[in-house]
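Report on one structure; see the data block that follows.
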């Protein structure tokens with residue numbers, strides 16, 4: 001067996017072994033976005049931390065998804081989302097380190113998964129926080145994401 005063939009076989013074995021451990025890739029549904037928003041989302045995703053609220057990052061599928069994941073059960077972040085159902089100009093937001101996050105009232109009460117959306121930035125991003133990580137993990141994640149949101153995304157209006 002040639003050196004090159006052995007290298008390919010060894011790489012394939014490592015990929016298979018990596019796939020057997022852990023929880024595998026997290027599926028992210030990417031929204032349809034303009035080319036400009038895709039570019040902004042990709043820059044934002046590149047700026048995200050490897051650990052979020054103490055949880056390690058996980059691979060996502062498809063590989064070109066406009067999102068990221070951490071932990072198990074996974075925090076999932078999606079870039080380029082629409083305005084969330086139930087949001088209007090009179091809706092309040094949770095302010096965390098200069099970023100207003102909207103969460104539907106029924107999800108904010110706890111005991112269930114909650115999706116927080118940074119509605120004042122473009123493209124918009126949404127973080128789904130599993131109930132298992134509420135409330136401390138959710139608060140830590142929002143605080144950690146505030147920097148990349150403010151630095152990488154465009155503020156279009158304040159959500160107070």
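The values are calculated or read from the model by the stated rules, or taken from the named source; none is laboratory data. For clarity, every value in this text was computed on a predicted model and none was experimentally measured. Using ideal geometry, Cβ is built from the backbone for each residue, glycine included, and neighbour counts are taken over all protein chains shown.
Computed quantities for the displayed model
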quantity: Criterion (farther than 27 Å from residue 24 by Cβ and surrounded by 17 or more Cβ atoms within 10 Å (Cβ to Cβ)) met by exactly one of 156, 149; calculated: 149
quantity: Subset tally (residues that are in contact (Cβ under 8 Å) with a residue 40 or more places away in the chain and either more than 20 Å from residue 149 (Cα to Cα) or more than 11 Å from the chain's Cα centre (by Cα) (or both)) for the range 42-55; calculated: 5
quantity: Count - residues of the range 20-41 that are closer than 21 Å to residue 151 by Cα and part of a loop (DSSP other than H, G, I, E, B); calculated: 2
quantity: Any hit, the range 127-138, residues being at pLDDT 95 or above, within 20 Å of residue 155 (Cβ to Cβ) and crowded, with 17+ Cβ neighbours inside 10 Å; calculated: yes
quantity: Output for the range 93-111, where each listed residue is closer than 12 Å to residue 158 by Cβ and surrounded by fewer than 16 Cβ atoms within 10 Å (Cβ to Cβ); calculated: 95, 98
